[in-house]
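*Asks:* Here it is: the structure, laid out below.
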Amino acid sequence: MQRFFVEPHQIDRDRHEIRITGNDVNHIVNVLRMKKDEELWISDKEKEYHCVIENAGENEVLLHILYVQEPDYELQNRIYLFQGLPKADKMELIIQKAVELGAYSVVPVSTRRCVVKLDNKKAEKKVSRWQQIAESAAKQSKRMLVPEVHSVMTFKEALVYAKELDVLLIPYELAKGMKETKELIRSIEPGKSIGVFIGPEGGFEEQEVADAMEAGAKPITLGHRILRTETAGLAVLSVLMFQLEDE
């Protein structure tokens, strides 16, 4: 069943109605060709509304709320993926899968070994596209919210931003000790915010790793194999999701 996101002001609980406006109207009416009496799901980040279409107009779709529920689809921990800018369209895949795996936010990071260099105009356009991908993935994976794709940051800016988080992890090919990595991940308590730093194709420079550790990041290993940048973050997110998911 199709899923869409709304802001609280679009919901009239007294009249059991939700009004869809903006780009979602075109998607519902012209792309999906949904009509009166067809059902869909609506999320306002806290509750989930099972609705039926009352009227599908050109500028607005009026929904009637059939019932409301409070599902527990989200992880208790907010996970921020700090992803070094990769080449080509890899970022689109990374964002799509990160959202499916429960990431709360994706922060594109320009590091020293990044091949991709974006000026402000290109970066703004890219982030807009990436946000659309995040929204599409959130709808598909039954997320209760759309994870934010942050504006591109420098590595230094990312470290400052990450200082507000409770746990920082940085997979590093020179890190050793799978036992220590497992113990560290098991020790993360429910509700703690987590930052995961992933380097671009060339990895992090030693100084960047040192700066991250000085900012509180813990180096972890992902095993004996070297993972591509588009694989490493998803591997960490998979492990965290398995460890932190409620029963």
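*Asks:* If the requirement is being more than 27 Å from F242 (Cα to Cα) and not in a strand (DSSP E or B), which of these qualifies: E58, E74?
*Replies:* Of E58, E74, the one residue that is more than 27 Å from F242 (Cα to Cα) and not in a strand (DSSP E or B) is E58.
The rows are residues; the columns are (1) modelled with pLDDT of 95 or more; (2) within 20 Å of the chain's Cα centre (by Cα); (3) farther than 17 Å from G102 by Cβ.
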position: Y172; (1), (2), (3): no, no, yes
position: A175; (1), (2), (3): no, no, yes
position: M178; (1), (2), (3): no, no, yes
position: E183; (1), (2), (3): no, no, yes
position: K192; (1), (2), (3): yes, yes, no
position: F204; (1), (2), (3): no, no, yes
position: H224; (1), (2), (3): no, no, yes
position: L234; (1), (2), (3): yes, yes, no
position: E245; (1), (2), (3): no, yes, no
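*Asks:* Something else: Looking at S193, is it in contact (Cβ under 8 Å) with a residue 24 or more places away in the chain and among the polar types (S, T, N, Q)? Walk me through it before giving the result.
*Replies:* Working: in contact (Cβ under 8 Å) with a residue 24 or more places away in the chain: yes; among the polar types (S, T, N, Q): yes.
For S193, the condition - in contact (Cβ under 8 Å) with a residue 24 or more places away in the chain and among the polar types (S, T, N, Q) - is met.
*Asks:* Could you run through the stretch 8-18 and say how many residues are surrounded by fewer than 17 Cβ atoms within 10 Å (Cβ to Cβ) and either touching a residue at least 40 places away in the same chain (Cβ under 8 Å) or not in a helix (DSSP H, G or I) (or both)?
*Replies:* 6
*Asks:* Would you mind stating whether E208 is touching a Lys or Arg at 6+ places or on another chain (Cβ under 7 Å) and either in the same structural domain as R112 (by TED's automatic domain parsing) or assigned to a helix (DSSP H, G or I) (or both)?
*Replies:* Considered against the rule, which asks whether it is touching a Lys or Arg at 6+ places or on another chain (Cβ under 7 Å) and either in the same structural domain as R112 (by TED's automatic domain parsing) or assigned to a helix (DSSP H, G or I) (or both), E208 comes out as yes.
*Asks:* Conditions: (1) hydroxyl-bearing (S, T, Y); (2) exposed (fewer than 15 other Cβ atoms within 10 Å of the Cβ); (3) in the same structural domain as A235 (by TED's automatic domain parsing). T21 meets all but one. Number of the miss?
*Replies:* In the conditions (1) hydroxyl-bearing (S, T, Y); (2) exposed (fewer than 15 other Cβ atoms within 10 Å of the Cβ); (3) in the same structural domain as A235 (by TED's automatic domain parsing), T21 misses (3) alone.
*Asks:* Further question: Within the stretch 54-61, is even one residue closer than 30 Å to K117 by Cβ and not aromatic (F, W, Y)? So that I can check it myself, show each step before the final result.
*Replies:* Let us first name the residues in the stretch 54-61 that are closer than 30 Å to K117 by Cβ, namely none.
The answer is no; no qualifying residue exists.
*Asks:* Scanning for something surrounded by 13 or more Cβ atoms within 10 Å (Cβ to Cβ) and touching a Ser or Thr at 6+ places or on another chain (Cβ under 8 Å), does the stretch 205-219 turn up at least one residue?
*Replies:* So far as the stretch 205-219 goes, yes, one or more of its residues are surrounded by 13 or more Cβ atoms within 10 Å (Cβ to Cβ) and touching a Ser or Thr at 6+ places or on another chain (Cβ under 8 Å).
*Asks:* While we're here: Kindly check whether there is at least one residue in the stretch 81-93 that is outside any loop (DSSP other than H, G, I, E, B) and among the small types (G, A, S).
*Replies:* yes
*Asks:* Can you go through A123, A88, A98, A137 and tell me which one is touching a Leu at 6+ places or on another chain (Cβ under 7 Å) and not hydroxyl-bearing (S, T, Y)?
*Replies:* Going through A123, A88, A98, A137 in turn, the sole match is A98.
*Asks:* Are any residues in the stretch 106-123 out of contact with any His (no Cβ under 6 Å at 6 or more places or on another chain) and in contact (Cβ under 8 Å) with a residue 24 or more places away in the chain, and if so, which ones?
*Replies:* Once the filter is applied, which keeps residues that are out of contact with any His (no Cβ under 6 Å at 6 or more places or on another chain) and in contact (Cβ under 8 Å) with a residue 24 or more places away in the chain, the stretch 106-123 yields V106, P108, V109, S110, T111, R112, R113, C114, V115, V116, L118, A123.
*Asks:* Next question, about the same structure. Give the residues of the stretch 59-96 that are basic (K, R) and either surrounded by 19 or more Cβ atoms within 10 Å (Cβ to Cβ) or at pLDDT below 95 (or both), sorted by residue number.
*Replies:* The answer is K87, and nothing else.
*Asks:* Taking the stretch 211-242 only, how many residues are in contact with a helix residue (DSSP H, G or I) (Cβ under 8 Å, 6 or more places away or on another chain) and assigned to a helix (DSSP H, G or I)?
*Replies:* The qualifying residues number 9.
*Asks:* Residues of the stretch 28-51 being under 16 Å from K139 (Cβ atoms), touching a residue at least 12 places away in the same chain (Cβ under 8 Å) and in a helix (DSSP H, G or I), which ones?
*Replies:* Once the filter is applied, which keeps residues that are under 16 Å from K139 (Cβ atoms), touching a residue at least 12 places away in the same chain (Cβ under 8 Å) and in a helix (DSSP H, G or I), the stretch 28-51 yields only I28.
The values are calculated or read from the model by the stated rules, or taken from the named source; none is laboratory data. These numbers were taken from a predicted model, which means no experiment stands behind them. Please note: Cβ atoms are built from the backbone with ideal geometry, for glycine as well, and neighbour counts cover all protein chains shown.
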